[in-house]
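Below is one structure, written out as structure tokens; the observations come after it.
The values are calculated or read from the model by the stated rules, or taken from the named source; none is laboratory data. Predicted model only: the values in this text are computed from it and were never measured. In this analysis, Cβ positions are derived from the backbone assuming ideal geometry, glycine residues included, and neighbour counts consider all displayed protein chains. Please note that ligands, DNA and RNA were not included when accessible areas were found on the heavy atoms of the full protein model with its side chains. Shrake-Rupley method; radii C 1.70, N 1.55, O 1.52, S 1.80 Å.
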2 protein chains.
Amino acid sequence: MTSLDDVAKAAGVSAATVSRALSGRGNVSTSTRAKILKVAAELDYVASSAASSLASGRMRNLGVIMPELHRWFFNTVLTGISDEATSAGYDVTLYNVTGDPEVRREIFSAFLRRRRVDAVVVVALELSEWEELELKRLGIPVVIIGGTSGTLPGVAIDDLAITELAAAHLLDLGHEVLGFIGGAERFDADYKVPSQRREGFDQALRRRGLQTDPALIGEADFTIPGGFHAARQLLGMPGTGMTGLVAASDEMAIGAVLAARELGIRVPEDLSVVGIDGHELGGLFELTTVDQHAQSQGSTAAKLILATVESGGTHPENMDLSFDLLVRRSTAKAPGALPV
Amino acid sequence: MTSLDDVAKAAGVSAATVSRALSGRGNVSTSTRAKILKVAAELDYVASSAASSLASGRMRNLGVIMPELHRWFFNTVLTGISDEATSAGYDVTLYNVTGDPEVRREIFSAFLRRRRVDAVVVVALELSEWEELELKRLGIPVVIIGGTSGTLPGVAIDDLAITELAAAHLLDLGHEVLGFIGGAERFDADYKVPSQRREGFDQALRRRGLQTDPALIGEADFTIPGGFHAARQLLGMPGTGMTGLVAASDEMAIGAVLAARELGIRVPEDLSVVGIDGHELGGLFELTTVDQHAQSQGSTAAKLILATVESGGTHPENMDLSFDLLVRRSTAKAPGALPV
DNA sequence: CCCCATACTGGAAGCGCTTGCACTCAGGAC
DNA sequence: GTCCTGAGTGCAAGCGCTTCCAGTATGGGG
């Protein structure tokens, strides 16, 4: 293993100068730097991260805490974070907080405290008070994506507004009896997005002087099968007059489309379905959705927090992210509605 | 930040003894250890990973190299690895090798060489000769999941056999004209699984004295939309007599089921479809599949390589993983076939 | 011509652990 | 009672970098 000293000797300078030349901190003459760079390349030198970290306190490592990896939102955000971190020269250490509370506790009380990361991004995790405290105690920048925290900075879409937009799209098309499939408390207990989205739906109706019909609210776990079962139940009820359905995630919306097909209900002729996410499968199902640009949420958060780290800051700004209605073919004018 | 010395002072022993007590290496009397543990807990001491790594050469960190995170196989394997690593007290550092060759090169030539990880698991990546060399040069254990390497140890299913099993299931049901949807060279160029699976399909037919009909081979990229389009084309051809379809992944199989539905082809009455994977969505589509236990591939590989690390070994054993036929309702006896 | 920034560079002191070595002290074998 | 063994402990030397500080040129200003 070639070390800093090897490079220093080979280049005929001191270790200090090599360090300065390679890290770019401090002054080194152009010619000396050039020679050091050349020698380092020849010797194929790569600095030991442990030594460098110990001496400098900088880890060049970004921690990411996630509750799961299967659902589209999570792995998409992670991809965004990873790409951004890599291009900034940072490693990413993944802490997959499973359902096991022991493990979860352990991650906050031990893993994170080894000071292996310069910053951490928390994805869609509702943190307990104790967990927020632990995070703050780390003394490093933290940013939350798609979750909420009273005291930690976050990068997020406005879940209420995004759902209101989805519902408003249906209302604009003349639909008056809308159903909704969202989360239930029994799923995702530590994740507030579901209730926000539900609230957005209600608000959209309220704004038009309509009222939410509790019978048309389905509950599911944000997955395709979940949406399928919830939709089948909703669509199976006779005489509801429902012509539009808002799903709080694209996966549930896709499940709903599948359920409609199974029941012989045509989309969009008989039922308009709109989702939220911008899931990559949306295209296949011609799903109208509100794209929340998940990958860019990841890269934005990473960029933000890495900038904070590099600038020696500790508290990045909060940031509201954009979303766009993406109209495809799963939504259409309500039957009998007046032309828009 | 409380340090080892703080604990040592508070416990009235030397730093060396604290280190031994906390790490479990070397002899410490039961009473001394108990006191140290108590003091450490009180002071809320957590060792600095950088210092510990620098001094010991151990990182307690497992590197994972993956080409993507979206597809089910990858995030499922990653979940398995992460769970296992966490419970062994290891962090996992994720290297998401994107399509960009620059980035890929950088990961092998710089990121991995910082010696931040004790071992690395490579997931479904066909490595170039140079990359294998770089990996070996790291001097740490490496294991490959779902890829192939002449010289690096791997944990994998037999892709040929798993596909043969899927096809044999259809043949056993009396189907004689089978289609296949697999990978194409233009997708996944650096990933040999597709060709292995194709070969397994051919072999199953050959064993029964049948021949692969090139017209019934569809090409796709292992995703649902890919499978959908390939199947639509296959199923749209008139007069093929095809009654069974093998897809090289569950996602493609699901796409095929959707395509069949769209074309008014009933599954399984008119067409039996079998996939490979054990994808979580399989249940919703009643998909018969061969489960390759992806999550346990991840945990098995992690367990294997961490054991190798802890034992000071360098080269874990190769390991062949099991798979099971999981019969659901997407496959049935061929129309007019004799009772089995 | 002298003085003093300014630009470079090297020396050396850590960063916070781990571990080889030396030492003490018992207890068991003779 | 003597010798040996091994458990238990502390000392101190690193691990391979970073960075503060001091020292040496160099060049411009006065």
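Annotation: per residue accessible area for chain A equals 42 Å², rounded to a whole number [probe 1.4 Å, protein chains only].
Phi-derived couplings, Karplus 6.51 cos²θ - 1.76 cosθ + 1.60 at θ = phi - 60°, listed residue by residue for region A:51-58: 5, 4, 5, 4, 6, 9, x, 9 Hz, with x used for Gly and Pro. Between helix B:250-262 and chain B, what is the angle of the helix's C-alpha long axis to the longest principal axis, kept within 0 to 90° and rounded to the nearest 10? Here the helix axis deviates by roughly 30 degrees.
Other residues within the sphere of radius under 10 Å centred on the Cβ of B:V274, judged by their own Cβ, net out at 0 (K and R +1, D and E -1).
Each principal axis of the Cα cloud of region B:135-261 was evaluated for its coordinate range; sorted largest first, these ranges are 58, 31, 19 Å. The residues packed around B:R113, meaning those with a beta-carbon under 10 Å from its beta-carbon, carry a net charge of +2 if Lys and Arg are +1 and Asp and Glu are -1.
Using the rule -39500 (n - 2.57) for each DSSP H run of four or more residues, divided by the residues of chain A, the 222 nm mean residue ellipticity is -13000 deg cm²/dmol.
Peptide B:66-73 shows a mean partner chain C-beta count of 3 within 10 Å per residue C-beta. Computed from the C-beta positions of B:E199 and B:D320 and an R0 of 22 Å, the FRET efficiency is 0.85 to the nearest 0.05.
Comparing mean-square fluctuations of B:G154, B:G255, B:G89 from a GNM of chain B with C-alpha springs under 10 Å, the top value falls on B:G89.
For A:W130, the accessible surface of its heavy atoms amounts to roughly 80 Å² (probe 1.4 Å, protein chains only, rounded to the nearest 10). Counting only DSSP beta bridges whose two residues both lie in chain B, roughly 10 percent are antiparallel. Heavy-atom accessible area buried between chains A and B is around 4600 Å² (1.4 Å probe, both sides summed). Residues of region A:78-93 that lose at least 50 Å² of accessible area (1.4 Å probe, protein heavy atoms only) when the other protein chains are present, relative to their chain alone, are A:T86, A:D91.
In the complete set of protein chains, residue-level accessible area for A:E262 is approximately 110 Å², probe 1.4 angstrom.
Of all alpha-carbon pairs in chain B, indicate the percentage at a distance above 36 angstrom. Summing the P(r) of chain B above 36 Å gives 35 percent of all pairs.
Per atom type, chain A shows carbon and sulfur on 51% of its accessible surface, probed at 1.4 Å. Computed with the Debye formula from one identical point scatterer per Cα of the protein assembly as shown, without solvent, the log10 of I(q)/I(0) at q = 0.05, 0.06, 0.07, 0.10 Å⁻¹ comes to -0.28, -0.40, -0.54, -1.03.
The same position A:E310 in the other copies lies at 4.0 nm from this copy, comparing label points 7 Å beyond Cα toward the beta-carbon, shortest first.
Spacing of the modelled spin labels on B:R208 and A:E129, each 7 Å from Cα toward Cβ, amounts to 6.6 nm. Computed on protein heavy atoms with a 1.4 Å probe, the accessible areas place A:T289, B:T32 in the order B:T32, A:T289, largest first. Can you work out the FRET efficiency for the pair B:S23 and A:K192, with r the C-beta to C-beta distance and R0 = 41 Å, to the nearest 0.05? Once the sixth-power term is evaluated, E becomes 0.50. Rg and Dmax over the alpha-carbon atoms of region B:4-47 stand at 8.8, 23 Å.
The accessible area of B:Y45, taken with all protein chains in place and a 1.4 Å probe, comes to roughly 40 Å². Between the amide H of A:L271 and those of A:R266, distances stay under 5 Å, these residues lying 5 or more places away or on another chain, with hydrogens modeled in the peptide plane. Entry note, region B:129-246: relative contact order of 29 percent, from Cα contacts under 8 Å with a spacing of 6+ residues. Where both bridge residues fall in the protein assembly as shown, DSSP classifies roughly 10% of the beta bridges as antiparallel. Other residues within the sphere of radius under 14 Å centred on the Cβ of B:D202, judged by their own Cβ, net out at +1 (K and R +1, D and E -1).
Residues of B:286-297, mean number of Cβ from any other protein chain within 10 Å of their own Cβ, rounded to a whole number? Could you put the intermediate results ahead of the total?
Details: counts 0, 0, 0, 0, 0, 0, 0, 0, 0, 1, 0, 0.
Counting Cβ atoms of other protein chains within 10 Å of each residue's Cβ and averaging gives 0.
Taking amide H as placed 1.01 Å from N in the peptide plane, the amide H of A:V122 sits under 5 Å from that of A:I65, A:V143, A:I144, A:I145, each at least 5 places away or on another chain. The trypsin sites (Lys or Arg not before Pro) of region B:17-53 that DSSP puts in a loop, and whose beta carbon has at most 15 other beta carbons within 10 Å, are B:R25. Do you know the relative contact order of region B:4-47, to the nearest whole percent, from alpha carbon pairs under 8 angstrom that are 6+ apart? Once divided by the residue count of region B:4-47, the mean separation gives 40 percent. The phi torsions of region A:162-176, fed into the Karplus equation with coefficients 6.51, -1.76 and 1.60 and a -60° offset, translate into couplings of 5, 6, 4, 4, 4, 5, 4, 4, 5, 5, 4, 7, x, 6, 10 Hz, rounded to whole numbers, with Gly and Pro shown as x. A simple spin-label model places pseudo-atoms 7 Å from Cα toward Cβ; at A:L138 and A:S31 they are separated by 4.7 nm. Extension gain for the segment B:D44 to B:K333, taken as residue separation times 0.36 nm less the Cα-Cα distance, is 97.6 nm to one decimal.
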